[in-house]
Every structure is written in C-alpha cells, then in structure tokens.
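Trainee: Sharing a structure below in structure tokens format, with a few things to ask.
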Amino acid sequence: MVDVAEKEMDNPTFRSDTVLSDVHLHCPSKRHLMVRLNAVGQPVFLSYFKLLWSTEDLASGKHVREVTTGKEHQSRSGDELCDKDRSNVKEEGELSSEGVEALLDDDGDLEVVRRPRSASDLPAEDLLRDIVCPVILMKGKEDAFEDEEQECTCSDVVKIEHTMATPLEDVGKQVWRAAFLLADYILFQRDTFRGCSVLELGGGTGITSIIMGTAAKRVYCTDVGEDLLAMCEQNVALNKHLMKPGDPEAPYSWSEEEIADLLDHCSVIMAADVFYDDDLTDALFRTLYRITHNLRNSCTVYLALEKRLNFTLRHMDITCEAYSHFRNTLNDLENLQDGKMKYTVEPIKLDFCQFLVYERIEQLELWKIVAQHLT
C-alpha cells in the first residue's frame, strides 16, 4: 500500500480545492519518505529540517551567517556549507569577469540561456543552487529509515511529519514558509524567550512550538481537529532530543492547573500563517483580545504571515484581500479604546539571521504586538 501511494505521488493529480505549500515543491524528481496514511487517507511524509548552526557555536557566539534576502546567496556556518558557498561565489565571479561577451554568439547576437522546462531534467547536484526550500534530507534506500532515525537525533535537526497537499480545511497538516520565518526569529532571539511560558494559536504540525520549546520553559501548542493534533503530538515525540515533552493528563484537553498556569504566567503568544481567511482572521483577533484581557501580566504577541496575491473576477485584477483584511483588523486592534487594554503594534524588520534554508521572499511579514493592561 505504501509503494502504491508513493508511486502515485510521483505523478499526482490534484482536485480543484487542493492546496499545496511551497516548501516541498522544489524537488520534483525526489522520493520523500512516506511513513503512513492518516485517518482520512492522506499520505503522511517525514522530513528532516537542518538548523544551520550548532549548539557549541551558539553558546560561543560564533554564528557567522550573513543576512540576505530574495535571490542573494547566504553564507552558511559549518565547514561543508562554507565550502559550498565558496564554490558558488567562485562560479559567480567567473561569470562576472567574462562580462557581456560571454552571452554573445559568433555573430554578436545575444545568447539567451534558457532554464530547462522541468527541474527533474537536471541531475540532483545541478539543482543545489536553485533549491528554495528548507533543507530536506531525503531517503537514500528503501531500508534506510532506521539508520536515519538513529543518525538524526542531534541538536540541529528537526523531524516533522506532514502532508504535501490537502483541501483548504486541512492546510494545518502542511509546512508553511511563515512558520520558518517565525522559527528563525525565535532562534535569533533565544535569550528573549528563555524561561517564558508561551501559547501558540494554530500550531499546525507544531514545528514553531518545537523550536520555541528549545528555549521557553513551557509551550502550549493549540489547534483544532483530533487528526491534526495527533500529528502535532507525534512531531513533539519525534523531537524529544531537542526538548522535554510535557505529559498532559488527558490528550488534547486542558486541565484546571494548566489553565491557571497559562493565565498566571503566559507572556508570549504566537501564530504563523493563519490569516488566509477573513473569518479565521476575525476569530483569531477576538481570541487574542479575550486571552490577553484575562492574562495576569502584559503579553507580547508575534504574528508571521505571507501575503498571497490572487486574481479575482470581482476586481479583474491581482489583489491580496486576505492580507488587506488582516491589516485592517490589526489597525482596529491598535486603535481600540476600551479603557482596559492597550495594544502597541510594530513590524519587525526581516534582517535577522536565517537558521533554516528557505526563500525569505518580500511577501513575508512578522509583526509584534505588546498587550498591556491599563488597570
């Protein structure tokens, strides 16, 4: 059954309501490791995401990664990554030194170098410089799973079970780029979050909560749906080498002690890529207001999202309605005057270090909200 499902994923057929994350679409000729089928029959895959620093480097302040965005190349810490970057820089230098003449044919006409129609036409080694995704360590042999399981328990590898394509209602089972942006910020500001009690809303596969769990004292990862929560719980168990998992009294429920602890000690709330639907955006901001109003202390909220452009018949143009609604609701929250809470909103510049390899596109944003009690 697994073999059949994996073969089908080599030539997938998607329905009109299928939603895909960009994260796993850049290795079309690769075979991802499918581990099981979930409760609704969707293939579940296991990916290994490597953090581009070691615990020793972080402790000694030797993180040397340069901050760049868009299509600029980023230097990586570690001998292997640095060597690869040096070779890339050398190749780029050779191209620049040849100048325009290198792009002219014998008659002096411009020679246009076209990309292949399919990335699968290229050998794997030629794809390295074009990949714009978190580093996905692929399965080499059919019987290599146990070996990978033993090897990938170091402090710089996050293991995540996820799906690759789902209907809209199941998008939480995929891995999304804004989650990696928020994870980058958490790793960059580890000291800020050390010892905190944190609540994540719409945690999905749990990857951001898992990253936060390497620094925070306690993380409450929440979402809706038993199937999704089971996947998140499995991912927490897979990453016990990074943190000490909690032991809830009952699965997917809150005890009175946990609620009291959250209200008394929570100082950070976070959410990533949960603003793609206006109703969900409204519900999240209502939830934020209700929770921050009931917390004993002031709280800082971090919201990561990706602006998604869509062509709409209503406007006959490319718009970003979900993002516009998010910004309007964010402004409403900041301008709220109820005599009880004050919300200060500010964008966070995306010039901090990248610890995961992904394309930090200009559509990504990170917002910080400080919620203070007035009385």
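The values are calculated or read from the model by the stated rules, or taken from the named source; none is laboratory data. In this text the structure is predicted, and so the values were computed from the model without any measurement. Cβ placement follows ideal geometry from the backbone for every residue including glycine, while neighbour counts extend to all protein chains displayed. Ligands, DNA and RNA are excluded from the accessible area calculation, which covers all protein heavy atoms including side chains. Shrake-Rupley method; radii C 1.70, N 1.55, O 1.52, S 1.80 Å.
Trainee: So which strands (runs of 3 or more DSSP E) stay within the range 266-375 end to end and still have 3 or more residues that are surrounded by fewer than 19 Cβ atoms within 10 Å (Cβ to Cβ)?
Mentor: On the way: elements: 266-272, 299-306, 310-312, 317-319, 341-347, 364-373.
Output list reads 310-312, 317-319, 341-347, 364-373.
Trainee: Assess whether residue 208 counts as being open to solvent by 20 Å² or more (accessible area, probe 1.4 Å), modelled with pLDDT of 90 or more and not in a loop (DSSP other than H, G, I, E, B). Break it down into steps so the answer makes sense when it comes.
Mentor: On the way: open to solvent by 20 Å² or more (accessible area, probe 1.4 Å): no; modelled with pLDDT of 90 or more: yes; not in a loop (DSSP other than H, G, I, E, B): yes.
Here the answer is no, as residue 208 does not meet what is asked.
Trainee: For the range 203-217, check the following and say yes or no: at least one residue is of a type outside the set (Gly, Ala, Ser) and in contact with a Ser or Thr (Cβ under 7 Å, 6 or more places away or on another chain). Can you show your working first?
Mentor: Going through the range 203-217, the residues of a type outside the set (Gly, Ala, Ser) turn out to be 205, 207-208, 210-212, 214, 217.
Narrowing further to those that are in contact with a Ser or Thr (Cβ under 7 Å, 6 or more places away or on another chain): 217.
Yes, that holds for at least one residue.
Trainee: Taking residue 346 and the conditions (1) without any contact (Cβ under 8 Å) to a residue 60 or more places away in the chain; (2) charged (D, E, K, R); (3) under 27 Å from residue 187 (Cβ atoms); (4) in contact with a helix residue (DSSP H, G or I) (Cβ under 8 Å, 6 or more places away or on another chain), which numbered condition does it fall short on, given that it satisfies the others?
Mentor: Unmet for residue 346, out of (1) without any contact (Cβ under 8 Å) to a residue 60 or more places away in the chain; (2) charged (D, E, K, R); (3) under 27 Å from residue 187 (Cβ atoms); (4) in contact with a helix residue (DSSP H, G or I) (Cβ under 8 Å, 6 or more places away or on another chain): (4).
Trainee: Go through the range 236-265 and give me each residue that's surrounded by 13 or more Cβ atoms within 10 Å (Cβ to Cβ), at pLDDT 95 or above and either of a type in the set (A, V, I, L, M, F, W, C) or farther than 19 Å from residue 195 by Cβ (or both).
Mentor: 262, 263, listed by residue number.
Trainee: Residue under question is residue 159, and the condition is that it be more than 26 Å from residue 348 (Cα to Cα), open to solvent by less than 30 Å² (accessible area, probe 1.4 Å), among the basic types (Lys, Arg) and in contact with a His (Cβ under 7 Å, 6 or more places away or on another chain); does it hold?
Mentor: On the way: more than 26 Å from residue 348 (Cα to Cα): yes; open to solvent by less than 30 Å² (accessible area, probe 1.4 Å): yes; among the basic types (Lys, Arg): yes; in contact with a His (Cβ under 7 Å, 6 or more places away or on another chain): no.
Taking the combined requirement at face value, the residue does not satisfy it.
Table: residues versus (1) closer than 27 Å to residue 45 by Cα; (2) touching a Ser or Thr at 6+ places or on another chain (Cβ under 7 Å); (3) hydrophobic (A, V, I, L, M, F, W, C).
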{"site": "227", "(1), (2), (3)": "yes, no, no"}
{"site": "241", "(1), (2), (3)": "yes, yes, no"}
{"site": "254", "(1), (2), (3)": "no, no, yes"}
{"site": "265", "(1), (2), (3)": "no, yes, no"}
{"site": "268", "(1), (2), (3)": "no, yes, yes"}
{"site": "286", "(1), (2), (3)": "no, no, no"}
{"site": "294", "(1), (2), (3)": "no, no, no"}
